[in-house]
1. Restricting to region 120-152, and then to whatever is open to solvent by 20 Å² or more (accessible area, probe 1.4 Å) and of a type in the set (A, V, I, L, M, F, W, C), can you tell me which residue is nearest to residue 104 (Cα to Cα)?
2. Mind checking which pairs have a first residue in region 74-89 that is farther than 18 Å from residue 118 by Cβ and touching a residue at least 60 places away in the same chain (Cβ under 8 Å) and a second that is small (Gly, Ala, Ser) and open to solvent by 50 Å² or more (accessible area, probe 1.4 Å), Cβ under 7 Å, 6 or more apart or different chains?
3. Could you list, in sequence order, all residues of region 453-464 that are open to solvent by 30 Å² or more (accessible area, probe 1.4 Å) and either touching a residue at least 40 places away in the same chain (Cβ under 8 Å) or aliphatic (A, V, I, L, M) (or both)?
4. Does any residue of region 382-392 turn out to be touching a strand residue (DSSP E or B) at 6+ places or on another chain (Cβ under 8 Å), modelled with pLDDT of 95 or more, among the aliphatic types (A, V, I, L, M) and under 18 Å from residue 524 (Cβ atoms)?
5. State all residues of region 396-407 that are more than 15 Å from residue 44 (Cβ to Cβ) and in contact with a Ser or Thr (Cβ under 9 Å, 6 or more places away or on another chain); if no residue qualifies, say none.
6. Determine the pairs where a residue that is over 19 Å from residue 504 (Cβ atoms), located within region 523-540, has a partner that is among the charged types (D, E, K, R) with Cβ atoms under 7 Å apart, the partner being 6 or more residues away or on another chain.
7. Among the residues of region 468-512 satisfying the criterion of being of a type in the set (Asp, Glu) and in a helix (DSSP H, G or I), which is farthest from residue 378 (Cα to Cα)?
Amino acid sequence: MSQSHSLINLKIDGKDVQIATGATILEAAEKLGIRIPTLCYLQKISPTGACRICVVEVAGADKTMTACNTRAVDGMEITTQSEKLSVIRRQVVELLLVNHPLDCPVCDAGGECDLQDICYSQDVTSQPFAAEDVNAPTIDHWPLIQQVPNRCIMCEKCVKVCHEVIGSNALFVNEKGDKAFIDKDLAKCEFCGNCVQVCPTGTMISKPFKFKARPWELRRTASVCTLCSAQCQADYHSKRGQVLRVTAEDGTTVNDGNLCVGGFFGHGYLNSAQRLTTPLVGGQAVSWESALGRVAGELARLRDGFGGQSLAGLASGRLTNEENYLLQKLFRGALASNNLDSEARFGLLRAVKVLREQLGLTAASNHLDRIGKAEAILVFGADPTAEVPAVDWQVQLAHRKRDARLVVANLRRIKLAGQAETFLQYRPGSEALLAGALAKLIVAKGLADTAYLSQFVGNQEELLTYLASVDLDLACAAAGVERALLEEAADHLGQAGSVTVLFGRDLMQCAGAESAVAGLINLALVSGALHGDCGGLFPVEEKGNAFGLLDAGICPEYLPGFVDYAAGDRFAKAWHTSLPEGGLDAAGILAGIEAGRIRALYLAGCNPLVNFPDSGRWHKAMEKLELLVVQDILASELTAMAHVVLPGAAGAEKRGSVTALDGRVSQLAKAVDPPGQARPDLTILADLFGAVSGKPAPSETALRSELIELTGSYSDLCQTLGQRGVCWKEPYRPVPGSLKGATPSLTAPATLELQLLVGKSPFQFGTTTTFCPATSELTGDGAILVNPRDAATLGVAGDGARLKVTGPAGAFTGPVTITEQVPPGLLFAPYNFAVLNAQRAVAGSNCVPVTAARA
């Protein structure tokens, strides 16, 4: 939908400037480097013109005009500085101060208040005007955010960011005239904190940060947030060794100053009383020398006595690329074991294997910001608002500001479903059928990207023949989707010049994930999602460095750089060893522990008791281990079970690189030291590697160089990270004739009475943020979502009543929330909470048949 703009010429303060038609006076002035004072203006939202600080004089006009929302016209002559304008601006500011309390000494915005700065720059030092105080009282009942109406200047930045950028629509103007104030629909609020960030005064206040520090006391460290795979650029503000808040700057490459609930409020776990601060052996505090000596000695003993296959390791997206690389090198090169895996096994890895086989992709096909430039977007089996909020913001940008068509296919009524032109609420197990039906309709309507298919798809006829075999009536019946809606969705995707296809946890962890991903690849091919600079195919993975984890070789199938394990001669040569044979994945490791073949398990930032399906079985199995080593940052049921606990560091407490869902590599910056005797994970692993192998402990620089040399996948990225430590890999470039069309299974799902879907809480990220008081205020210990019809059938009286859910793997009990967000026949429970522990019920996939009864 891009269009060329003609240029116009105008003069500002005697200087000539040329700018595109439709640009504002303010934008023209900025091009010349002329500063016009503003208060309500924010580049990423539509202009309001509410504060009127930016008034300018236009030759020939009988009144001043606001620069932020007045379009420039060819031939305009504009004056931005004059005595007349100074008088007007001073009076405007003085009027803003009517009923505005001069409570700067106790206002949380003191020292970083735009209104303070405007008063200073416009020489406003008094309140000459007075009026009856009609302000609403302070709003204290909102979670996490306090609203002080008498400080508000009604700039509406918060309202517009909430509506235009975040798409939440939670904030609105209540009342009229001088009684107007900003109010909130709490049911819609995502608690992202962006209203606090953009507030030019102390009206919107973060309760967790209130009275903790003045801005000049804080040390600011530019880094990235690692709670999800978008890896937004963020600034950590610390005082006396503690992170007290996190903010983001407008104009940043990835997130343009936006943060989500995790980024803004979810850092409290860093200062949790549950932080691990000293090594433990048998529950007793010991020195690092003693703890590492115990681990190294036991691992070597078991390796030498029972072979490397008696040892296993599970890693995490919480570790950096270098840390995960060293962990797999420790196991393969020093412990003779290829029993390595992670939580990615249950979702992302399943998707990546298909993407790699069909397209040669191991991450998204394009940069994150290309989502927002597409003309049509399909969100399939994903909830970006919860999983990767920065993806949601890109969808909002495309849909709200650039008029892209939005199609949502999901089991549940997520936020984006309410905004979509077409919502396809499908039944569990019909994902591949539904994707195939959409692809078939695009081809049948003559809307397929035939030029791209002819150039790049080597088996085009096979692909088209397969799609022709899709039974549309069967697909509609199996998915529970009306044919008219399917046709409508196909039109939106087929008619668009550029398409984005997003898929997430619900699809990647479903029973037929491989077929579903293959079906979406076909859909991406025929719709043109892989063609051009806009749009693309995006796996929406929630875990922070999951893509880096797989790229570092944390799975038995692949060595670093997704080199097939059987073709790893260069790794063996570089490590001066032979690679161990075989290798078990997570399921094999679990069975091996149960059978007594695996005697030691090393967990690096990984908690199978909560994050893995069949978590109850993992709990029983780990009780049999001779050695359970837990390297983590927070005390839990898992650390209580461990023979040895090694306290690691969080992302804000260490250095290293991480890889985002679009292949972007970012460098972490250390904001604070780990608490107590806790150490960066790389230091722990390096010392352990040295102790087990008898070789010098490797450095971060050496590991990064080795990773680049052996894989080539990072090229020189990690050595040439640019501004703020961020660098981009090249976008997807297919080789002509190289792509394959897939033939996924088109089996219709069985009709089941009640099913449970386990997914992500919108307010928690993994289990880490459940240790944060702020996010826990929003969620408690988690709840089971139940449709009103099912609630009536089960005899559940209302919210808070307890329900016992029994699935193939076991049972769990929790409070219910009755909502239309889930359809009849489907329960939803978040996996994030150790108390709820919904993973006890599922095995094999994230959606399973269950029975339920009042507890």
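The values are calculated or read from the model by the stated rules, or taken from the named source; none is laboratory data. The structure displayed is predicted, hence computed values, not measured ones. In this analysis, Cβ positions are derived from the backbone assuming ideal geometry, glycine residues included, and neighbour counts consider all displayed protein chains. For the accessible areas, the whole protein counts, side chains as well, though only heavy atoms, and no ligand, DNA or RNA atoms are used. Shrake-Rupley method; radii C 1.70, N 1.55, O 1.52, S 1.80 Å.
1. My answer is 152.
2. 77/59
3. Kept after step one, since they are open to solvent by 30 Å² or more (accessible area, probe 1.4 Å), are these residues of region 453-464: 454-455, 458-462, 464.
Answer for region 453-464, where residues must be open to solvent by 30 Å² or more (accessible area, probe 1.4 Å) and either touching a residue at least 40 places away in the same chain (Cβ under 8 Å) or aliphatic (A, V, I, L, M) (or both): 455, 458, 459, 460, 462, 464.
4. Step one: list which residues in region 382-392 are touching a strand residue (DSSP E or B) at 6+ places or on another chain (Cβ under 8 Å), which gives 382-384, 386, 391.
Among the residues that remain, those that are also modelled with pLDDT of 95 or more are: 382-384, 386, 391.
Right, trim to among the aliphatic types (A, V, I, L, M) and you get 382, 386, 391.
Next, from what is left, pick out any that are under 18 Å from residue 524 (Cβ atoms): 382, 391.
Within region 382-392, one or more residues are touching a strand residue (DSSP E or B) at 6+ places or on another chain (Cβ under 8 Å), modelled with pLDDT of 95 or more, among the aliphatic types (A, V, I, L, M) and under 18 Å from residue 524 (Cβ atoms).
5. 404, 405, 406, 407
6. Pairs that qualify, where the first residue is over 19 Å from residue 504 (Cβ atoms) and the partner is among the charged types (D, E, K, R), are 526/449; 528/449; 531/449; 533/370; 534/370; 534/373.
7. It comes out as 473.
Table: residues versus (1) more than 27 Å from residue 732 (Cα to Cα); (2) in contact with a Phe, Trp or Tyr (Cβ under 6 Å, 6 or more places away or on another chain); (3) in a loop (DSSP other than H, G, I, E, B); (4) at pLDDT 95 or above.
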residue	(1), (2), (3), (4)
652	yes, yes, no, yes
682	yes, no, no, yes
687	yes, no, no, yes
692	yes, no, no, yes
696	yes, no, yes, no
702	yes, no, no, no
